[in-house]
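**Student:** For reference, the structure I am asking about is given below.
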Amino acid sequence: MSTVLRADAQRNLVRVLDAAREVFAEQGIDATVTEIAERAGVGVGTIFRRFPTKDDLLAAVVEQRTSQLIEAADAALAQPDAGAALRRFMETAAAMHISDRCWCDATGTDLFGREGIRALVDVLVSKMDALLSRAQASGQVRADLRALDLPVLLMGVAKSGLMLEDAAPGAWKRYLGIVFDGLRPDAARPLHRRPLSAREFEAARKGSRA
C-alpha cells in the first residue's frame, strides 16, 4: 500500500509542477495556487503539503527553468563553431524567457536569493563565461565583454520582447540581432563603464541594492 501511495504522490508532484510551469508562464508570478491546482487536477491542500508556500512552488519552477538553460548552454558548448554556439544559446535563452512570463517576473525578486536557485545561476553564468571566452578566442566577439554582460543583455531583449509579443510576435528577434551586431569586434567602441562586479550582479538578481 505504501508503494502505491508513493507512486501516487510522485504522479501528483509531476502534475503540479507541469501545471505550475504552464500557469506561471501564461500569467506570471501573480497566478494563484487555486488555478494551478485546478489545472493539475488536484486539491489545493495537495500542493501545500509538498510546497508550504506559493514562493516554494515558484522556486521549484524557477529551478527547473534554470536547469533547462544550463542544458542549453551545455549543448551550445558542444558545437564546434564558437560564435554560432554563443548565438544559438542566446537565441534559445531569449525565446525561453519570452515564452515564460514567470521567469521575467521573478528576476529581481528575493527568489533569486534562495540557495538552490543561486547555486544554479552560478553554474549557468560559469557556462556562459565559457561560451563567451571561446567566442572571444576565435575572434568573433569583442574582447571587452564579460560573462555578466550576457544575462543583462538577454534580460533587456526578453523584457521588451515580452511586452511586444502579443502585438508583434517574434519582434524580439530584431532586437537580439542588434545585440549580436554590437558583440562583433569590428563594431566595438570603448565602453563607458566598467563591467558589473559579482557583488553587484548578486544584489541585482535578488532585488536589493549593492
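The values are calculated or read from the model by the stated rules, or taken from the named source; none is laboratory data. Keep in mind that what you see is a predicted model, and the values were worked out from it rather than measured. Because the Cβ atoms are built from the backbone with ideal geometry, glycine has one as well, and the counts that use them run over all protein chains shown.
**Student:** Considering only region 69-122, how many residues are among the polar types (S, T, N, Q), at pLDDT 90 or above and within 27 Å of Glu165 (Cβ to Cβ)?
**Tutor:** Residues that pass the stated criteria total 1.
**Student:** Still on this structure, I have one more. Being in the same structural domain as Val62 (by TED's automatic domain parsing) and within 15 Å of the chain's Cα centre (by Cα), is that true of even one residue in region 133-143?
**Tutor:** Quick first cut of region 133-143, residues in the same structural domain as Val62 (by TED's automatic domain parsing) only: 133-143.
Of the ones still in play, those that are also within 15 Å of the chain's Cα centre (by Cα) are none.
Within region 133-143, none of the residues are in the same structural domain as Val62 (by TED's automatic domain parsing) and within 15 Å of the chain's Cα centre (by Cα).
**Student:** Going by what's in this entry, would Ser99 be described as outside the structural domain of Ala19 (by TED's automatic domain parsing), in contact (Cβ under 8 Å) with a residue 60 or more places away in the chain and out of contact with any Gly (no Cβ under 8 Å at 6 or more places or on another chain)?
**Tutor:** yes
**Student:** Residues in region 130-178 that are among the basic types (Lys, Arg) and under 21 Å from Phe112 (Cβ atoms): how many?
**Tutor:** Total meeting the criteria: 2.
**Student:** Follow-up. Count, please, the residues in region 144-174 that happen to be under 21 Å from the mean Cα position of the chain (by Cα), among the small types (Gly, Ala, Ser) and surrounded by fewer than 19 Cβ atoms within 10 Å (Cβ to Cβ).
**Tutor:** Taking region 144-174 as the starting set, the residues that turn out to be under 21 Å from the mean Cα position of the chain (by Cα) are 145-166, 169-174.
Subset that is among the small types (Gly, Ala, Ser): 147, 156, 158, 160-161, 170-171.
Checking which are surrounded by fewer than 19 Cβ atoms within 10 Å (Cβ to Cβ) leaves us with 156, 160, 170-171.
Within region 144-174, residues that are under 21 Å from the mean Cα position of the chain (by Cα), among the small types (Gly, Ala, Ser) and surrounded by fewer than 19 Cβ atoms within 10 Å (Cβ to Cβ) number 4.
**Student:** Another question about this same structure. For region 8-50, how many residues are surrounded by fewer than 15 Cβ atoms within 10 Å (Cβ to Cβ), assigned to a helix (DSSP H, G or I) and hydroxyl-bearing (Ser, Thr, Tyr)?
**Tutor:** 1
**Student:** I've got another one for you. Please go through region 59-83 and give me each residue that is more than 15 Å from Lys127 (Cα to Cα) and part of a helix (DSSP H, G or I), ordered by number.
**Tutor:** Ala59, Ala60, Val61, Val62, Glu63, Gln64, Arg65 - these are the residues of region 59-83 that are more than 15 Å from Lys127 (Cα to Cα) and part of a helix (DSSP H, G or I).
**Student:** Same structure, new question: Give Gln64, Gln27 a once-over and let me know the one that is touching a residue at least 40 places away in the same chain (Cβ under 8 Å) and either more than 25 Å from Ala204 (Cα to Cα) or in the same structural domain as Gln136 (by TED's automatic domain parsing) (or both).
**Tutor:** Gln64 is the lone residue from the list that is touching a residue at least 40 places away in the same chain (Cβ under 8 Å) and either more than 25 Å from Ala204 (Cα to Cα) or in the same structural domain as Gln136 (by TED's automatic domain parsing) (or both).
**Student:** Charged (D, E, K, R), closer than 17 Å to Arg21 by Cα and surrounded by 18 or more Cβ atoms within 10 Å (Cβ to Cβ): is that true of Asp105 in this structure?
**Tutor:** On the way: charged (D, E, K, R): yes; closer than 17 Å to Arg21 by Cα: yes; surrounded by 18 or more Cβ atoms within 10 Å (Cβ to Cβ): yes.
The answer is yes for Asp105.
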